[in-house]
Amino acid sequence: MMSKLIAQKEGVEYLLMGNEAISRGALEAGVSVACGYPGTPSSEIIESLCRVAKEGNLYVEWSANEKVSMEVAAAASFAGMRSLCTMKQNGVHVASDFLLHLAASGIRGGMILVFCEDPGALSSVNEVESRYFAPMIEIPLLEPANFQEAKDMTRWAFELSEEIKNIVMVRSVTRLSHGSGNVIFGKLPNTKRQAEFRCDGPILDPDTGLVFSAPVVYKHQLQQEKIKRAEEIFERSPFNTYEGPEKPGVLLITSSICYLYCREAISLLGVEDRVGVLKFGATWPLPPSFLKRHLSLTDKILMVEEVRPFLEERVKILAAGMAPEMGIKTFYGKETGHFPSVGELNPDLVVSALGKIMGINSYVGMPADYEKKAQALASTKTPQRDLTFCPGCPHRASFWLIHNALQMDGRRGFVCGDIGCYSMAILSPAGGFGVMKTLHSMGSGTGIAGGFGKFGQFGMEQPVLTVCGDSTFYHAVIPALINAVHHRANMILIVLDNGGTAMTGFQSHPGLTVNAMGEEAPAVDIARICEAIGVKVEIRDPFDLEETRETINRLLEDEEGVRVLILRQICGLSPEKKAAKRYEVRIDEALCLGENCGCNRLCTRIFRCPGINWDRQKKKARIDEVICAGCGVCSSICPAGAIKREEAA
Amino acid sequence: MEDGGMGQRELQREVIDTHLCTGCGACVGLCPYQTSYHDRIILLHPCDIKVGRCYMFCPRTPTNLETMRKSLCEEKDLTPEIGAVKGFYLTRATDEQIRKDAQHGGSVTTLMTLALREGIIDTAIIAEGKENFLHRGVAVNDPAEVKKRGKSKFIVSPTVAEFNRAAKGEAKKIGVVATPCQVLALAKMRLKPVPVDEGNIDKLKLVIGLFCGWALSWRGFMELLRKKTGLDAVVGMDIPPRRHTLEVYTKDGTIEFSMEEVNSCIREACHYCFDTTAEFADISVGSARLPGRWEETRIWNQVIVRTQRGDDLVQLARAGGLLEFREAPGEALDELKKSAMEKKRTALKSIAARSGSSPDLLYLDRFDPVVRMLQG
Amino acid sequence: MEKQQLSKDPYNIVITGVGGQGNVMASRLLGNMLVRKGCQVTIGETFGASQRGGSVMSHLRVSAGSVWSPQIPKGRADIIAALEPVEALRVLMRYGNPEVMVLTNTRPLYPVAVIGGELDYPSPEEIGTTIRELSAHAWFIAATDEAIKLGNPILGNIVMIGAIAGTGELPISREDFREAFLNSMPATKLDVNLRAFDLGVEKVKQAGGLKPVPAPPK
């Protein structure tokens, strides 16, 4: 089955996910190299390109981290090819050191950075705005506003990049990346560029000289000229649009997915003839003449964007400069409290803000009596659904053991957390049993633990642990581990090795024997890396409960330096495991002690695997055979031997 | 107990958090919520059962000692100082090898071995040393196995946990060698305060109690030992009477620790203990305190026989020539009673200091006749 | 492809359930069926943490020619298809209205707080009554149970797609399902999926389709 992404036919229409549309745009631009680090909501861009790598003659990789991924993509550009680099919002911060230097050195083949942000943090631990990198590092920023634009702007971004000889940022958001819509395909190019790094020319020649950021002032000047050039191009960009009446009462200025919310709000309020929408596809640098032309249409302007007032600030600064000629405008937005500066927007929030400005309060989304009835009838019947470790998840077993070992140790030890599925351990009901106490960026658990592990001289007696996933280990743990070893920090690193980048959908990483394109690859072994650093490593299976718990306690007793424990058990959702149950699990009701002294529902009250339910009538535990993944761990924790497991046929 | 609960939460509040926990293991092995680690009892996860066996069996939750004395002993044998006394002897094993492997006279080893051999019990629960002075209770069926484990332990072992485990299994008749706190826990179980697993406690056929003044906290003692010697070098320990030292025997000779040093590592719970002679055992055994040379005294035991089944066993050992008996000097019993009373008095003071009010005796009842007698 | 006439434009569909039930796949398949028919479809969905037992929801906006927001405005759902009963209630509270149609899979998936005992899960009767109270038409379909009979509980999502088709509200047919399925899934799985689809159609028709169910004779 050939992926529709490399369908040759021009003009066909497909339902594409925003991320797939971005991939198609890159293919239509003739991209040769695509790299990224997985992160929701960006992962499907590289994933879908992996699937067409062979037919499309692409080089695609899941890099060890975002910075490395951008460096690999930059090399492609230096060799004259077009390259794409993807990551989620946090990733830009990881890559930013290189990005800063790259923006100053400039590029050759078209290179774009697609970063997918997550307003409202639907699947992130922050909702940071990475748009601010564009003005900070002085590179252009594009923001597609629908699925067709996701494709078309990606394609165009490569042209812009080559035109100004610098990297271009393209920003998507969860609702675009993970949404889907109709996309009409353009043409795929027939030929690919030859890779060659020309470096024997005059030092400062952009096409044949050295690639670096010095002489700094000269290069900086050059970079700002590129931005000036981008600004001129944006003045005529088809992605900056106005729709609405000639003299709107209110002008909405927006970008990204909020454009669709604006259109919906205008339609819901029925004010098509009184409200205009100025949509920016290119949001930095803003084209001043284009802006001025549209600001002049009206006096009231509502700025519609998610999270921070990025566009609002820039529009106001430009408007202040234009005020002597254009007159003073009234701006509504985040500073006036018409929109929050946190969380994501939706059509209802735009309806409410616009209605307030226009004095319209007749719009009814949900009839009041219906809403009242729905609240009265349903609010008590909708128990909250907390996120939790999946049935069969090795992390539940690992945290169970870490918790028990720390309780037994009794010195108030704690775990510094990290980013991955195991981040959920910071929320007790999720199955972390309350052991994780800090949670920051990739690899930071190890860095923080390395700090805590040095505070014995100040009287700190608590044992310090940290956890990281296998993918995270390669991403950012290694330097922190080296630091801790060199400084003799007292800490235990537990690598929760589940055999892939599970959180984001099982992407490959350097520890696996297959790369992103499905080719055989040398696996870089975590244990051997640790040993080379000078750390003794033990490897256990978290499903061997007692042996592993004893190991953790022994490591806790051993108070010398850095200790590493690898808990190895493949993710329950992994392709190799998902299909097959290892055990058939059932409850022997005659043995189940239920709520009685001696058990008190350990499996459902404390262990809480979603595969086990509590039958309130019978007062017995019950396996939900649809949910149970058959890992069999619950049978090891049942104090009454009532959970029976048999090797599945 | 404001809300009338007698479960894990109260156990934590009244026993664990107040450092009354003796580490006996009575609350361990019954459910998945408590376990023991080193010499401590660990609450692994919260349990919200209102009346739990953990609380009911704990020797440091409120106990009506008077009811217990009357139900488990013959009233005529009762003494306020050391509980029931059916007989008082000085004994030692006639088997020299047993004496050599034992701490003192080898009487406990002899009696336990005999009970196993005669089928009075099929399983003996005794403490066994592990690495680093840690101990655990083990269940053994072979008399030879008992002999290997005859030395005194200075760190608590969760012996009652092993009883709980064994009672759930194949064993039908169980004997336990236990410290006074462990004996009290077993006695509480025998009164069956909760209607669960009644058949299990009925398997308890013999309790041999050990005299005990205190136990050491493992972590504290390890630190103390490490200051003077390598842990690997230690081969044994003892406390000779009236010398106020702890002797640690190492490959390179004896190291002495002053009692001040040792006191700092005594388990806090031991300061609140009201019982040095294991008053609710069938037989209680300790080292002899005789005038004369310690080297001669130390190979004898003082034995208090408390119950009929205890007496039967001791007489069986005498008849079989397994135990050698020696006339106990008249003052020996008085001295034992005096020192037991002294310990009870100190315990009451420590308990009042911990509770912050002298009528509040925590797990003890201020209307208990022995308590009233001491408080005069 | 001719432009479709829809009873409303945009026509708003919510497919809801719990992570791991195949919510996303269901919305894509349905979306592809509609695009085949010349509709402009916008799907909004959240996943990422969706496999981890959380509530998931896909919004489908179907139009003859416009791109709509990937989020349906409050109170504006036309059809709600719930792969899990309590999720139907959750969606009704935000997107329901007196005219909404609700298709509910009857098999509950208990939240961890219910398994743990802190929260209660409503009885099937309570769920049924409440959904009927808050909708114009309601169908209750044992989709997971039927899927288990077909050999794989995950087919519950396909049964529910069949049920949506069975209402006759959308211009989609069995053939559209077949085509859309073959475009993204292996042909070997087509037969069992077609059976699941047919079952869904059948269940809704058995229940009298869109016509109100006649009151039982007194």
> When the Kirkwood hydrodynamic radius is evaluated over all pairs of different C-alpha atoms of segment A:526-649, what value in angstrom, to one decimal, is obtained?
Replying inline: 16.6
> If you take the beta carbon distance between A:SER341 and A:GLU647 as r and set R0 to 51 Å, what does 1/(1 + (r/R0)^6) give as a FRET efficiency, to the nearest 0.05?
Replying inline: 0.35
>> For B:LYS148, give me every one of the aspartates and glutamates with a C-alpha distance below 15 angstrom, ignoring sequence neighbours fewer than eight places off in its own chain.
In response: B:ASP95, B:GLU96, B:ASP101, B:GLU128
> segment B:280-350: D in µm²/s via Stokes-Einstein (Kirkwood Rh, Cα pairs, 37 °C, 0.692 mPa s)?
Replying inline: 237
> Which of the GluC sites (Glu not before Pro) found in segment A:24-69 are in a DSSP loop and have at most 16 neighbouring Cβ atoms, other than their own, within 10 Å?
Replying inline: A:GLU55
> What residues in segment A:254-272 lose 50 Å² or more of accessible surface when the other protein chains are added to their chain alone (1.4 Å probe)?
Replying inline: A:LEU260, A:GLU264
> Taking the Cα-to-Cβ direction at C:GLU202 and at A:ILE533 and moving 7 Å from each Cα, how far apart do the two end points lie in nm?
Replying inline: 5.9
> Name the residues of segment C:17-41 whose amide N is less than 15 Å from a point 7 angstrom out from the Cα of C:GLU175 along the C-beta direction?
Replying inline: C:33-34, C:36-38
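List the GluC sites (Glu not before Pro) within segment A:320-395 that fall in a DSSP loop (any state other than H, G, I, E or B) and whose Cβ has at most 10 other Cβ atoms within 10 Å. Can you show the working numbers first?
On the way: sites: A:GLU325, A:GLU335, A:GLU344, A:GLU371; in loops: A:GLU335, A:GLU344.
Sparse-neighbourhood loop GluC sites (Glu not before Pro): none present.
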>> Given Cβ point charges of +1 (Lys, Arg) and -1 (Asp, Glu) and nothing else, what value in debye, to the nearest 20, does the dipole of segment B:218-263 about its Cα centre take?
In response: 40
> According to a simple spin-label model (label point 7 Å from Cα along Cα-to-Cβ), what is the distance in nm between A:ALA521 and B:ARG318?
Replying inline: 8.3
> With each pseudo-label sitting 7 Å past Cα toward Cβ, what's the B:THR94-B:GLU331 distance in nm, one decimal?
Replying inline: 3.2
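Just how large is the dipole of segment A:4-235 about the Cα centre, in debye to the nearest 20, putting +1 at every Lys and Arg Cβ and -1 at every Asp and Glu Cβ?
So the dipole magnitude of segment A:4-235 works out to roughly 440 debye.
Suppose R0 equals 35 Å. What FRET efficiency, 1/(1 + (r/R0)^6) with r the Cβ-Cβ distance, do B:LYS228 and A:ASN483 give to the nearest 0.05?
0.45
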> Percent relative contact order of segment A:394-576, based on C-alpha pairs within less than 8 angstrom and at least six residues apart?
Replying inline: 24
> Using a 1.4 Å probe on the protein chains only, how many percent of the accessible area of segment A:580-647 belongs to carbon and sulfur?
Replying inline: 47
> Restricting attention to segment A:575-649, which trypsin sites (Lys or Arg not before Pro) occupy a DSSP loop and are surrounded by at most 14 other Cβ atoms within 10 Å?
Replying inline: A:ARG616, A:LYS618, A:LYS619
> Listed here are the pairs A:LYS165/A:LYS334; A:LYS329/A:LYS356; A:LYS618/C:LYS74; A:LYS165/A:LYS279; which of them are more than 29 Å apart at the Cα?
Replying inline: A:LYS165/A:LYS334; A:LYS618/C:LYS74
> Which pairs break 20 Å Cα to Cα here: B:LYS76/B:LYS173; B:LYS50/B:LYS192; B:LYS86/B:LYS205; A:LYS9/A:LYS192; A:LYS581/A:LYS644?
Replying inline: B:LYS76/B:LYS173
> Taking every pair of alpha-carbon atoms in chain A, what share in percent sits in each 10 Å bin, from 0 to the bin with the longest distance?
Replying inline: 3, 14, 21, 22, 20, 13, 6, 1, 0
>> For chain B, set up a GNM with springs between Cα atoms under 10 Å and report which of B:ASP122, B:ASP334, B:ASP95 has the largest fluctuation.
In response: B:ASP334
> Taking the alpha-carbon centroid of each part, what is the distance from segment A:522-595 to segment B:226-267 in angstrom?
Replying inline: 40
>> Give me the summed buried accessible area for the C-A pair, 1.4 Å probe, to the nearest 100 Å².
In response: 6000
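Excluding ligands, DNA and RNA, what is the solvent-accessible area per residue of the protein assembly as shown at a probe of 1.4 Å, expressed in Å²? All intermediate terms of the calculation are to be shown ahead of the outcome.
Values: 48700 Å² over 1243 residues.
Heavy-atom SASA per residue in the protein assembly as shown reads 39 Å².
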> What is the average number of partner chain Cβ atoms found within 10 Å of a Cβ in A:363-376?
Replying inline: 4
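Within chain A, which is the longest segment containing none of the chymotrypsin sites (Phe, Trp or Tyr not before Pro) that sit in a DSSP loop and have at most 14 other Cβ atoms within 10 Å? Present the calculation step by step, with values, prior to reporting the outcome.
On the way: sites that count: A:PHE197, A:PHE212.
Free of exposed loop sites, the longest segment is A:213-649.
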>> Rg and Dmax in Å for the protein assembly as shown, alpha carbons only: what are they?
In response: 37.9, 122
> Could you state the number of Å between the C-alpha centres of segment C:151-171 and segment A:1-73?
Replying inline: 31
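Across all directions of projection, what mean area in square nanometres is found for the Cα convex hull of segment A:394-576?
Details: hull surface 39.0 nm².
Convex hull of Cα atoms, orientation-averaged projection: 9.8 nm².
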> When we measure straight from the Cα of C:LYS37, which aspartates and glutamates land under 13 angstrom away, once same-chain ones fewer than 8 places off are left out?
Replying inline: A:GLU13, C:GLU2, C:GLU175, C:ASP176, C:GLU179
>> Can you compute the FRET efficiency between B:GLU296 and B:VAL196 using 1/(1 + (r/R0)^6), with r the Cβ-Cβ distance and R0 = 56 Å? Round to the nearest 0.05.
In response: 0.65
>> Taking 0.36 nm per residue of sequence separation and subtracting the Cα-Cα distance, how much length would be gained by fully extending the chain between C:GLN5 and C:SER66, in nm to one decimal?
In response: 20.7 nm
>> Could you work out the percent of alpha carbon pairs in segment B:218-263 separated by over 15 Å, rounded to a whole number?
In response: 39
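Where the accessible area of segment C:11-205 is counted over protein heavy atoms with a 1.4 Å probe, how much of it, in %, is carbon and sulfur?
51
The values are calculated or read from the model by the stated rules, or taken from the named source; none is laboratory data. This one's a predicted model, so the numbers in the text were calculated from it and none came from an experiment. Cβ: placed from backbone, ideal geometry, glycine included. Neighbour counts: every protein chain shown. These area figures cover heavy atoms from the full protein model, side chains too; ligands, DNA and RNA do not enter into them. Shrake-Rupley method; radii C 1.70, N 1.55, O 1.52, S 1.80 Å.
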